[in-house]
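The structure appears right after this line, and notes come after that.
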Amino acid sequence: MAAAHRLLALGRSVQILEATDHVGGRTRNVDVSTGQLDAVTDDVIELGGTWLSPEHSAALALCRELGIEVYNASFVSSGSAVPEDAPRPHTSGSEEAWPWWFWGSDYPKDQTHLLKNTVFHDGVRRFLFRTPSELLAGLTRSSVQELQMAGKAIDDAIANVSDSCWDAGKVTASWRHLDEESTWSFLNGKLSSQASKQALRNCIHNKNAQEPEAVSLLYNLLSFKGCNSAGPDSQFRVRGGTQAIPMTIAAGMRDKIALGSPVQMLQSGSTGIIARTLNGTEYRARAAIVTGPPPAILGINFDPPLRAPDAQLLQRMPMGTSLKIAAVYRQGPWWRELGLQGDILATALPKEFSLPEPDSEMPLFVQCLDHSPFSQRLGVIVCFMEGRQNLHFMSLAAQEQQSLLTAFLQRSFNDSRAETFQPSFVALNWADQPYARGAYTGFFPPGVLSIPEYWEAFREMEKAPNVFLAGADYHRGFGNGYIEGAIRDGLLAAERAHARLLSSQVGQELLV
Ligand SMILES: Cc1cc2nc3c(=O)[nH]c(=O)nc-3n(C[C@H](O)[C@H](O)[C@H](O)COP(=O)(O)OP(=O)(O)OC[C@H]3O[C@@H](n4cnc5c(N)ncnc54)[C@H](O)[C@@H]3O)c2cc1C
């Protein structure tokens, strides 16, 4: 949608072909007051991509341009989504010195005093913390030391990665070495306690929505280095929900959007592009920008076929396994009256809240946080179910999922209101969405990022003459995997396609 927006501004005409019945892809709003999906109201929460960091300059600029408000969601008090003394969006705040493995919300230093308590379960007890030093004091000294040593090993490994993040020209023998290992094979031997192992597993879930065994060490070194995102990632939210961004763009071009139109065939040749959708309708254009996660792209029949390195690369970019489940309280965010932020983290839980064998040491819930809407009329706690937790959770009946989550929240909040206030639930499992097949993004297993031919394929946006592949998963710069990367890549693809058409002087129409 960002590409279409830019192309229209450049004077091109566009046609959007969207597989589903809504625009926005992996951003999806639900109004928790009415249950309506794809809504833009002050009672909206996001089921997909949500938070922006002050470093997400393209997303913030696009919101400004579209007249969409971005607000600081970290420190909310009842009746006001943005407290008077909280720094406003668009000011870049330095991050608090949270431990490198911390998988909770990260906050700028100058806002720590506004924080309420986070709940931490370590299996033996439940403790509260507000600052990094309180968190460290709650853990055993040996776990902290182990994690610090693992962090030192990560830093040493990062020193072997070149300055550039996504530059194919930098493939070297040391990249190859770092890409031979999974994130887990590198870290596991450096940790002995279950608590530190689980903390690290949770940290990787937070980045990849996947188990660390499946993800290349090199890929996560790039991530730790800040190639994907940086800054306090959970600070800003979009008023009306992130889906307001594509929906606002769409509102200005309704007659140019064909919903429910999955592209099944994309033919490119000397006479231009032909896209055929599921119902057989054909659209013709001079150029096409193709977007969607790798599994969706692989479902399109390209003619001529994708080049081998492109087809092979796309098969080596699996999606994370992510589900957000939200508990919605009509009574509002009542936990704040208890001095609680609404954030809950766990490295271990009693048996009834743990995974079955062979993963019985792993907690079922590892991260929940306050996701209340801008209005603050309803209180929302959202829990991330990723990797193995996702697979197990989805094997349970909806009623069992909800009663487990309710009981876990009761245990976490430890207050009679958690017993009497009955939440309702909203959930979306991205892994079973046919045009996403997972989330947050495509990641790289070992042995992909160190192959020069895959880098070549990754670097080249134009997959066939006048056919451009764009999106968060493919962005070769800051924001890869994030809304920021989707917007940056869309804008770039629009510029590239526009320039290509100018140079070949073949006319105006584009298909996005
Ligand atoms: C649970 C979750 C949490 C996340 N959290 C954050 C966060 O807090 N901050 C952040 O920045 N990012 C976050 N992300 C990631 C972010 O949402 C995505 O990276 C981004 O939205 C991807 O945008 P995209 O345009 O590249 O792809 P998509 O959003 O996937 O858009 C691709 C579009 O193409 C359509 N499509 C696919 N195949 C076809 C076809 N054959 N024909 C026609 N149309 C097709 C799809 O339906 C979709 O509308 C999160 C994602 C999820 C799901």
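Coordinate-derived values only; no laboratory data. Small disclaimer: the values here were computed from a predicted structure and weren't measured. Ideal geometry is used to build each Cβ from the backbone, glycine not excepted, and the neighbour counts take in all protein chains shown.
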Checklist entry - Which Cα, out of Gln264, Gln367, Thr420, lies furthest along the positive dipole direction of the chain (beta carbon charges, K/R +1, D/E -1)? => result Gln264
Checklist entry - What translational D, rounded to a whole number of µm²/s, comes out for segment 241-392 from Stokes-Einstein when the hydrodynamic radius is the Kirkwood one over Cα pairs, at 37 °C and 0.692 mPa s? => result 164
Checklist entry - Per 10 Å bin from zero, what fraction in whole % of the C-alpha pairs of segment 245-303 is there, up to the bin with the longest pair? => result 20, 49, 29, 2
Item to check | Euclidean distance of C-alpha centroids, segment 424-446 and segment 27-71, integer Å | outcome: 18
Checklist entry - Mind checking which helices in the chain clear 27 Å along their axis (Cα) and have mean Kyte-Doolittle hydropathy of -1.0 or more, DSSP H runs only? => result 483-504
Item to check | segment 196-223 residues near the modelled Thr172 label - backbone nitrogen below 20 Å, point 7 Å along Cα→Cβ | outcome: 217-223
Item to check | At R0 = 30 Å, FRET efficiency that the Cβ-Cβ distance of Ser13 and Ala61 yields, to 0.05 | outcome: 0.80
Next on the checklist: I'd like to know how segment 128-197 sits against the 2.2 N^0.38 Å rule of thumb: what's its Cα Rg over that expected value?
Outcome noted: 1.41
Next on the checklist: Just want the answer: with Cβ charges of +1 for Lys and Arg and -1 for Asp and Glu, which residue in Gly48, Pro293, Phe129 is farthest toward the dipole's positive end in the chain?
Outcome noted: Pro293
Checklist entry - What relative contact order, as a whole-number percentage, does the chain give when Cα pairs under 8 Å and 6 or more residues apart are counted? => result 25
Checklist entry - How big is the equivalent ellipsoid of segment 20-65 along its three axes, where each semi-axis is √(5λ) from the Cα gyration tensor, reported in whole Å from largest to smallest? => result 22, 12, 10
Next on the checklist: Could you derive backbone 3J(HN,Hα) for segment 270-283 from the dihedral phi with the Karplus parameters 6.51, -1.76 and 1.60 (θ = phi - 60°), listing whole Hz in sequence and x where the residue is Gly or Pro?
Outcome noted: 5, 9, x, 10, 10, 10, 10, 9, 3, 8, x, 5, 10, 10
Checklist outcome for this item: Exposure proxy check on Cys227, Cys368: fewest-to-most Cβ neighbours within 10 Å is Cys227, Cys368
Checklist entry - Spin-label point model (7 Å from Cα, Cβ direction): what's the Ala258 to Leu404 distance in nm? => result 4.3
Checklist entry - According to the Kirkwood expression over distinct Cα-Cα pairs, how big is the hydrodynamic radius of segment 175-283, in Å? => result 18.5
Checklist entry - To the nearest Å, what is the center-to-center distance of segment 455-511 and segment 158-233, using C-alpha atoms only? => result 27
Checklist outcome for this item: Most exposed to least, judged by fewest other Cβ atoms within 10 Å, His121, His177, His475 sort to His177, His121, His475
Next on the checklist: Restricting the calculation to Cα positions, tell me the Rg (one decimal) and the Dmax (whole number) of segment 378-425 in Å.
Outcome noted: 11.6, 32
Checklist entry - Using the beta-carbon distance between Ala137 and Ala230 and R0 = 22 Å, what value does 1/(1 + (r/R0)^6) give for FRET efficiency, to the nearest 0.05? => result 0.20
Checklist outcome for this item: From fewest to most C-beta neighbours within 10 Å, the residues Thr277, Thr140 line up as Thr140, Thr277
Checklist entry - Out of every Cα-Cα pair in the chain, what percent are more than 34 Å apart? => result 36
